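Asker: Here's a structure for you.
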Amino acid sequence: MEITKHLFLNLSVLIILLFFCMIWLDQSKKLSMSKTVIIVFFILLIWFCIQFSYNPVPYARYDLRIIPIVIGGLYLGIGPIVIISMLIIRGFYGLDLGLIETMILYVPLGIIMINLYPWFYKQSSSKRIPFAILLGMILGILTVSGMELINTKRMWLDAWFAYIVIPPLGIGIIAYCIEFFKRSMEMQQQLIKVEKLKAVEQMGAAISHEIRNPLTAASGFVQLLQDDYLPRNKRREYLSIVKEELNSAERVIQDYLTFAKPSLVSIEELNVKNELKQIINILQPMANQHSVEIITDFSVIGFIRGDRQRFRQCFINILKNAVESMPNGGHLYIETDFSQDNVTIRVTDTGVGMSKEQLERLGEPYYSTKGSKGTGLGMMVVFSLVRAMDGSIRVQSEVGVGTTFHISFPTITSIKAYKES
């Protein structure tokens with residue numbers, strides 16, 4: 001059973017190569033390879049099969065060339081190219097009877113595969129795999145029959161068993177892996193499309209809801225203003241309300257546009273310590289109102305590149321949410337760490353915290369931990385602006401304990417930075 005053992009060993013190596021190829025595709029996040037790469041890969045497989053074939057006599061080579069020829073021809077439509085490459089490679093191992101037999105068998109097959117590939121591709125997965133196995137078995141039978149006509153009848157049992165079992169087995173395994181991989185990619189693409197559509201629908205519903213509320217209120221007061229007998233003081237009051245509601249709608253639209261396209265208007269060097277002090281000064285009255293004590297621990301150095309206005313907008317949203325999460329008072333810790341690579345800002349509150357489910361949905365435009373009082377647009381803008389400034393954000397939270405935001409930005413170093421700090 002020398003032929004069977006040798007072909008089984010070669011099949012094991014081919015399966016291992018396929019396994020590493022699938023790992024590479026998965027790790028590289030590529031859905032497919034270019035046709036040139038595929039052709040080169042299959043030519044190398046053909047060379048491997050012929051190079052490590054079992055040849056008890058010089059003109060007879062027992063190998064697994066059937067597998068790459070069937071898979072390449074049926075699944076990738078490169079059958080003629082693979083067969084021509086196989087004939088060229090086989091020619092380097094001797095111009096003998098074995099080469100003539102190979103040409104008689106595979107040249108017609110190459111012509112047939114030109115028309116076979118489009119038909120095969122239209123079939124369902126449940127039909128493609130059995131057909132590929134059957135073709136491999138037919139080629140195995142024809143190969144052994146041709147070899148028997150030449151000489152090797154003394155090994156007929158071993159050859160028949162090896163070619164009827166091992167190539168179809170290898171083709172079946174590889175075909176199943178290809179079909180599984182294709183189904184996985186199709187499901188992944190469908191899931192991505194569904195998620196995108198779902199996100200658009202939910203975002204549209206959230207935005208329209210938040211805009212409709214102030215516009216409805218403004219429309220109501222505009223109708224009241226149409227009363228000719230309305231007192232002047234009431235008219236001014238109603239106009240003030242209309243303006244406030246329209247400003248509210250404008251803020252919602254602006255937050256949405258900031259998320260959709262977080263443009264950085266003015267890029268400059270920012271001293272993180274100074275910027276955070278300015279933000280704290282803005283929010284200090286609100287913190288006092290909620291009985292929240294702000295505790296800071298800033299590193300001496302910390303300089304990044306970004307948009308000053310967007311940076312302040314981002315951290316005003318974070319600190320404002322932190323203060324609002326402590327309705328009964330508490331402590332708000334703001335710390336910064338400096339390294340050669342990153343400036344990290346930590347914002348920790350002792351508020352109500354968030355559950356695991358709330359944490360996973362944080363930053364979604366239609367979701368807010370404040371219930372009907374919030375739109376979720378604030379945190380959505382935070383995540384978007386941090387990404388726009390090449391930063392990263394990580395959030396930890398525990399119900400009843402509090403929440404910590406870890407925001408990191410790439411460090412820049414300059415003489416100006418050290419002077420200002």
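Asker: Hey, which of the helices (runs of 4 or more DSSP H) in the stretch 50-127, taking only ones fully inside, have at least 3 residues that are modelled with pLDDT under 85 and buried (at least 19 other Cβ atoms within 10 Å of the Cβ)? Working first, answer last.
Answerer: On the way: elements: 66-75, 79-91, 97-122.
Result: 97-122.
Asker: Here's something else I'd like to know. Considering only residues that are more than 19 Å from Arg251 (Cα to Cα) and surrounded by 16 or more Cβ atoms within 10 Å (Cβ to Cβ), look in the stretch 309-332 and name the one that is nearest to the chain's Cα centre (by Cα).
Answerer: The extreme case among them is Ala322.
Asker: Going through the stretch 274-325 one residue at a time, which ones are more than 21 Å from Leu385 (Cα to Cα), of a type outside the set (Ser, Thr, Tyr) and outside any helix (DSSP H, G or I)?
Answerer: Within the stretch 274-325, His290, Val292, Glu293, Ile294, Ile295, Asp297, Phe298, Val300, Ile301 meet the criteria.
Asker: The conditions are (1) free of Cβ contacts under 8 Å to residues at least 24 places away in the same chain; (2) surrounded by fewer than 13 Cβ atoms within 10 Å (Cβ to Cβ), and Ser291 fails exactly one of them. Which is it?
Answerer: All conditions pass for Ser291, except number (1).
The values are calculated or read from the model by the stated rules, or taken from the named source; none is laboratory data. Predicted model only: the values in this text are computed from it and were never measured. Note that each Cβ is placed from the backbone with ideal geometry, even for glycine, and that neighbours are counted across all protein chains shown.
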